[in-house]
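The values are calculated or read from the model by the stated rules, or taken from the named source; none is laboratory data. Values in this document were obtained by computation on a predicted structure and should not be read as measured data. Note: ideal-geometry Cβ built from the backbone for every residue, glycine included; neighbour counts use all protein chains shown. Heads up: the accessible areas ignore ligands, DNA and RNA and are worked out on the full protein's heavy atoms, side chains in. Shrake-Rupley method; radii C 1.70, N 1.55, O 1.52, S 1.80 Å.
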Amino acid sequence: MPDNFKGKTAEEKVEPEEESVKSSKNSKGRGCLFFLFLVLVLFFWGRRFLKGLPQIREDNGRVNLVLLGISGDGQKPADLTDTIIFSSFNKSNGRTLFLSLPRDIWSDSLKSKINTAYHYGGFSLARQSLEEVIGQPVHYLFVLDFEGFKKVVDFLGGIDIYIERTFTDFKYPVPGKEDDLCDGDKELKCRYEELHFEKGWEKMDGERALKFVRSRNAEGEEGTDFARNQRQQKFLLALKDKALQPKNIFRLKKAIKLLPSLIKTDLKQEEYPNFGLIFLKFQSDKIKTEQLKTEGEEALLFHPLRHSSGQWVLLPKDGNG
């Protein structure tokens, strides 16, 4: 008989399994208390630490960001910003706006479309041109190319996206085939692959997610720029949800080291901690997504016209220029 049972009455004796459960509960309780203590220490120490760091740029309590998507894969030119998403975060209440800007908006100062600004003048000209269009300051710019896009998604272990409508794109461009003559095929079919997405949830790796946000030649509604912008915004929300999962938050240090090799930005390294706190405050129920519609009765700001330069562009309607 075990020593700890000797001299005990039946009422005093405790079954080994029950004793193990109690020990486990006590251990868990101590673990929870220790974790709570650690969180409190980090919170109060972190606040003091962050006060000594450079504060991020803002105006009237809002931080405005722009994400520019480029191909960067050898296409000519590889740094046209075919994806432009403006985001404005309210620091006091956490409300966030995502606004997709059409790449074909004409800029008088550029004498070209706004998607050429980064190509011609980097961050400085891109900021200037975007501020002219949206009438708001742009505090930070982020530039992401296709390879960086895929690596970010794969680093997080893929993302889950809900596909609103089933669609097929028969002309998704194959990288590196842009100038292929396809052995004389007049339809140049070798330059494209067929994509298909079914309505419902899908877990996507980086390659699949890139195709989801880039597709522009589907039949019907999903073939419009409006639908493409919606998919890009949906992707950003899914990416945010995945990045804020506990298992990925604990990989934050590794992510920060990886970030400069994937994303070009004018956010300074010493601003990362304070900027990270803002990112952690993003809440899906406080995010509003909008687009500048360019077709139909709802196209209030811009309309498509052939410019004197010969290009099809979007020009401000009367009173919006």
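Considering only residues that are among the hydroxyl-bearing types (Ser, Thr, Tyr) and in a helix (DSSP H, G or I), which ones fall in segment 209-243?
Within segment 209-243, no residue meets the criteria.
Taking only pairs six or more apart or across chains, which ones have beta-carbon atoms under 6 Å, a first residue in segment 139-156 that is within 18 Å of Ile278 (Cβ to Cβ), and a second residue that is part of a loop (DSSP other than H, G, I, E, B) and aliphatic (A, V, I, L, M)?
Correct list of pairs: Tyr140/Leu267.
Taking the residues in segment 244-261 that are within 27 Å of Ser100 (Cα to Cα) and part of a loop (DSSP other than H, G, I, E, B) as candidates, determine which candidate is most open to solvent (accessible area, probe 1.4 Å).
Gln245
Output the number of the condition that Arg95 fails; it satisfies all remaining conditions of (1) over 30 Å from Gly200 (Cβ atoms); (2) out of contact with any strand residue (DSSP E or B) (no Cβ under 6 Å at 6 or more places or on another chain).
All conditions are met except number (1).
Need a quick list: strands (runs of 3 or more DSSP E) entirely within segment 154-208 having at least 2 residues that are basic (Lys, Arg), under 15 Å from Gly223 (Cβ atoms) and open to solvent by 80 Å² or more (accessible area, probe 1.4 Å).
The strands (runs of 3 or more DSSP E) meeting that bar number zero.
Return the residues of segment 114-133 that are buried (at least 17 other Cβ atoms within 10 Å of the Cβ) and either out of contact with any Phe, Trp or Tyr (no Cβ under 6 Å at 6 or more places or on another chain) or free of Cβ contacts under 8 Å to residues at least 40 places away in the same chain (or both); say none if nothing qualifies.
Ile114, Asn115, Thr116, Ala117, Tyr118, Phe123, Leu125, Arg127, Ser129, Leu130, Val133
When the residues of segment 216-229 are filtered to those that are in contact with a helix residue (DSSP H, G or I) (Cβ under 7 Å, 6 or more places away or on another chain) and not charged (D, E, K, R), which remaining residue is surrounded by the fewest Cβ atoms within 10 Å (Cβ to Cβ)?
So, considering only residues that are in contact with a helix residue (DSSP H, G or I) (Cβ under 7 Å, 6 or more places away or on another chain) and not charged (D, E, K, R), the one surrounded by the fewest Cβ atoms within 10 Å (Cβ to Cβ) is Asn217.
Which of the numbered conditions does Ser88 fail, given that it passes all the others? Conditions: (1) in a strand (DSSP E or B); (2) of a type in the set (Gly, Ala, Ser); (3) more than 29 Å from Pro246 (Cβ to Cβ).
(3)
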